[in-house]
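Undergrad: Structure provided below as structure tokens; questions to follow.
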Amino acid sequence: MARTIAKDYDQKREQILKTAAKVFAEAGFDRASMSQLAKACNISKANIYHYYDSKDALLFGVLDTYLRELRDRLKMVNGAGISPDDHLRELVKEVLMAYHGADDEHRVQASGISSLTGDQQKILRGYQREMVEQMSDVVKAIAPAKYTQNPQRLLETTMSIYGMLNWYYMWNRDPSEEARIGYAKTVTDLVLNGIKD
């Protein structure tokens, strides 16, 4: 007889993913064990296998959930009815707000994707590519003459913006929303106006 799905299955699954991200970020994916993960989740090893049949499946679950939800959240910032400059301001702010509370997932993303199968990597890199394309489209809309004929420069500018945002958690210890909004303004002002203005 098939095992029935518990009423709190999704809630437990979410808790397992959040805890696994923390364990993978702190111990490293290669060194973490399913026993260690089960202990951190405060459930039995058998129970964790009810949700994920392997450590690789758990890693993919962490990254697929994180990147898909991030992509979907950023897609909501579509720039309708606002200028390209303001679209960039909103998008940069939303990236930083979406990163809030996801430092572990962010660290695991940086080091963990290469541990997955080619098909899994393709899915995750697809989410990343969509987010890069979204930012690129906004940058190109701000200065079409500068970027339309120079895709390499467009890529460099886009990845520089993400570079400033992606490493924020490494040096800023202020977890407040106000600090993130302030830094989003700094990044956008720097991109739009340069270092002198």
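Laboratory data are not the source of any read-out in this text; all were calculated from the coordinates shown. In this text the structure is predicted, and so the values were computed from the model without any measurement. So basically every Cβ, Gly included, is an ideal-geometry build from the backbone, and we count neighbours across all protein chains shown.
Undergrad: Binning every alpha carbon pair distance of the chain at 10 Å from zero, what are the percents per bin?
TA: Over the chain, the share of Cα pairs per 10 Å bin runs 8, 31, 31, 19, 9, 2, 0 percent.
Undergrad: What nm distance separates the two modelled labels at W171 and R73, each placed 7 Å from Cα along Cα→Cβ?
TA: Here the answer is 2.3 nm between the modelled labels.
Undergrad: Here's something else I'd like to know. Taking only DSSP H segments of four or more residues, each worth -39500 (n - 2.57), what value at 222 nm results for the chain once the sum is divided by all its residues, to the nearest 500 deg cm²/dmol?
TA: On the way: 11 runs with 147 residues, N = 197.
Only helices count here, giving -24000 deg cm²/dmol.
Undergrad: Could you compute the net charge surrounding R153? Neighbours are other residues with a C-beta less than 11 Å from the C-beta of R153; K and R count +1, D and E count -1.
TA: Overall, the nearby charge balance is +1.
Undergrad: Using the beta-carbon distance between R153 and K122 and R0 = 30 Å, what value does 1/(1 + (r/R0)^6) give for FRET efficiency, to the nearest 0.05?
TA: Result of the calculation: an efficiency of 0.65.
Undergrad: Excluding residues fewer than 8 places away in the same chain, name every one of the lysines whose C-alpha is closer than 21 Å to that of K93.
TA: K75, K140, K185
Undergrad: The range 93-197: percent of C-alpha pairs farther apart than 19 Å?
TA: 52 percent
Undergrad: Which helices pass in the chain if a helix is a full DSSP H run, must span at least 20 angstrom along its long axis by Cα, and must have mean Kyte-Doolittle hydropathy not below -1.0?
TA: Values: long enough: 9-27 (26 Å, -0.69); 55-75 (30 Å, -0.29); 84-99 (22 Å, -0.31); 118-142 (35 Å, -0.67); 151-166 (22 Å, -0.05); 177-193 (24 Å, -0.08).
What comes out of the filter, once short or polar helices are dropped, is 9-27, 55-75, 84-99, 118-142, 151-166, 177-193.
Undergrad: Taking only C-alpha pairs under 8 Å that are 6+ residues apart, what is the relative contact order of the chain in percent? Mind dumping the intermediate values first?
TA: Working: 143 pairs, mean separation 44.3, N = 197.
Relative contact order here is 23 percent.
Undergrad: Just to confirm my numbers, what's the Cα centroid distance between the range 131-197 and the range 78-119 in Å?
TA: A separation of 11 Å, based on Cα centres.
Undergrad: Report the FRET efficiency, 1/(1 + (r/R0)^6), for Q36 and T186, where r is their Cβ-Cβ distance and R0 is 41 Å, rounded to 0.05.
TA: Once the sixth-power term is evaluated, E becomes 0.55.
Undergrad: Next question. How far apart, in nm, are the 7 Å Cα→Cβ label points at I82 and A57?
TA: 4.1 nm
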